[in-house]
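The values are calculated or read from the model by the stated rules, or taken from the named source; none is laboratory data. Everything numeric in this text was worked out from a predicted model, so none of it was measured. Here Cβ is always computed from backbone atoms with ideal geometry, including for glycine, and neighbour counts include all displayed protein chains. Ligands, DNA and RNA are stripped out before the accessible areas are found, and what is left, the full protein with its side chains, is counted by its heavy atoms. Shrake-Rupley method; radii C 1.70, N 1.55, O 1.52, S 1.80 Å.
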Amino acid sequence: MNEAAREVNFDGLAGPTHLFAGLAYGNKASLASRGEISNPRAAARQGLAKMAGLIELGLVQGVFPPQERPDVMTLRRLGFGGTDEQVVAAASRHRDLFVAMSSAAGMWVANAATVSPSTDTPDGRVHLTVANLATHLHRSIEAPHTARMLSATFPDESHFAHHPPLPAHADLGDEGAANHTRLASSHGEPGTSLFVYGRRGLEPSRSPGAFPGRQTREASEAVARLHGLDPQRAVFAQQAPEAIDAGVFHNDVIAVGNERLLFYHQAAFADPAWVCRALTEACPFDLELMEVEATEVSLAEAVDSYLFNSQLVSLPDGSSALICPERCRRVPSVARYLDAHVGQGPISQARFFDLDQSMRNGGGPACLRLRVVLNPDQLAAVNPGSLLTPGSITALEEWVDRHYRDELSLDDLADPQLLVEGRTALDELSGLLGLGSIYSFQQ
Ligand code: SUG
């Protein structure tokens, strides 16, 4: 029992080359935005405004720095040589490959890793497994930076156990916390893990027809083993293939949980009745299952609004809040649902944030953050600069305004000045956050 443990949300910050590249097959928003002009400054500012909003609600808020893009190190592994500027110039002539190596996707850190708090692990440490993101090329290149970033943020190995990514093959596709929901009577109590997979890697299973099931059961099981989770308190559930085909590329697009509550759509799971039974058995506390029926909000409206990609958080007074994307107010059925239910049941209030730049790539509030439950000793062991205050958010806003462009097209990526601008910005940021030399260009 550890009453004082708290959940800390670490948000990924959009990078100076935030862009709309249409890279994520199966993610409808990403495909629809391909080639549009992006606004990196607005992307970072919108993310920071959400972080500030959560601090105002009394939560502890952390931040992860962006990945460097274009990814010069990976381009070198692909045979481009010379100076960094020459690498970029030569690679930019291979447009599709270059765009993939320039992806903005590292900001969605719900896909950075799976995390288990120390109440759930046998050695009393927080365990983190870096996601291999093996299904999509543009995301598979994130893992090396993610590993360095997590080690710099959680440096003390007596508190934090870092696991490298699983072998990078689609049959072991692992998309991190986006497919893992931890339920517990309170954050500081031992939890039950709900791992949701899109398909089995090695055995035939009912699979989506149109779009890839990114997370495999084998990957989820491996993460549970690595973290030493109690098998009685781990449930492995298949996502409904129809949901994946409707654009639910991660389970966090259709379900979100917090402490005793699981909030999910009727169409989320392949066998919803089994999931409810298995979870009820695996949760030795009063689990609350809040199912939204398709007659209230259709599957298409759930995907369009990103209702379930809201963050569900516990406030210091013990009540809970849903941190929603603005779009929830514009989809009539969702706005009606929220009006009818928020304040009437387990969700006490809803807050809305404009995250348009992230949403246009298929990333809502929940995609942007990695949840880490920490007891006071572990919190004290976090790199201090990674934990935000209103003052450090202002400093980050000023940093964004100094360094980020407000327009970026795919053609701009080849601009050699962009590489210099990005590196100057990220070098300054790693200093601001006190993270040391985490970028390859700083080595
Ligand atoms: O993997 N989008 C990301 C969005 C990730 C959202 N994360 C969670 N649901 N947890 C993805 O599909 C689009 C990039 C582009 O098209 O430029 C992208 O990769």
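Observations, loosely collected:
- Search result, residues across the stretch 396-415 that are surrounded by fewer than 13 Cβ atoms within 10 Å (Cβ to Cβ) and assigned to a helix (DSSP H, G or I): Glu398, Asp401, Arg402, Asp411
- Restricting attention to the stretch 45-56, the residues that are closer than 26 Å to Arg182 by Cα, more than 16 Å from the ligand (Cβ to nearest atom) and among the charged types (D, E, K, R) add up to 1.
- The stretch 16-44: number of residues that are more than 15 Å from the chain's Cα centre (by Cα) and within 12 Å of the ligand (Cβ to nearest atom): 20
- For first residues located in the stretch 2-28 and more than 28 Å from Phe211 (Cα to Cα), partners that are within 15 Å of the ligand (Cβ to nearest atom) and of a type outside the set (S, T, N, Q) and lie 6+ apart or on another chain with Cβ distances below 7 Å form the pairs Glu7/Arg371; Asn9/Arg369; Asn9/Arg371; Phe10/Phe64; Phe10/Val109; Phe10/Arg369; Phe10/Leu370; Pro16/Pro40.
- Candidate set: the stretch 301-344, residues that are of a type in the set (Phe, Trp, Tyr) and assigned to a helix (DSSP H, G or I); chosen: the one surrounded by the fewest Cβ atoms within 10 Å (Cβ to Cβ): Tyr337
- Residue count, the stretch 16-42 (criterion: assigned to a loop (DSSP other than H, G, I, E, B), open to solvent by 60 Å² or more (accessible area, probe 1.4 Å) and of a type outside the set (Ser, Thr, Tyr)): 3
- Within the option set Ile393, Ile347, being more than 30 Å from Arg95 (Cα to Cα), in a helix (DSSP H, G or I) and touching a residue at least 40 places away in the same chain (Cβ under 8 Å) holds for one residue only, Ile393.
- The stretch 96-121, residues that are in contact (Cβ under 8 Å) with a residue 40 or more places away in the chain and part of a helix (DSSP H, G or I): Phe98, Val99, Ala100, Ala105, Gly106, Met107, Val109, Ala110, Asn111, Ser118, Thr119, Asp120
- Counted as qualifying within the stretch 177-259 are the strands (runs of 3 or more DSSP E) with 1 or more residues that are within 16 Å of the ligand (Cβ to nearest atom) and touching a residue at least 60 places away in the same chain (Cβ under 8 Å), namely 180-183, 192-197, 255-258.
- Top-ranked residue in the stretch 1-15 [being among the charged types (D, E, K, R) and open to solvent by 40 Å² or more (accessible area, probe 1.4 Å); ranked as farthest from the ligand (Cβ to nearest atom)]: Glu3
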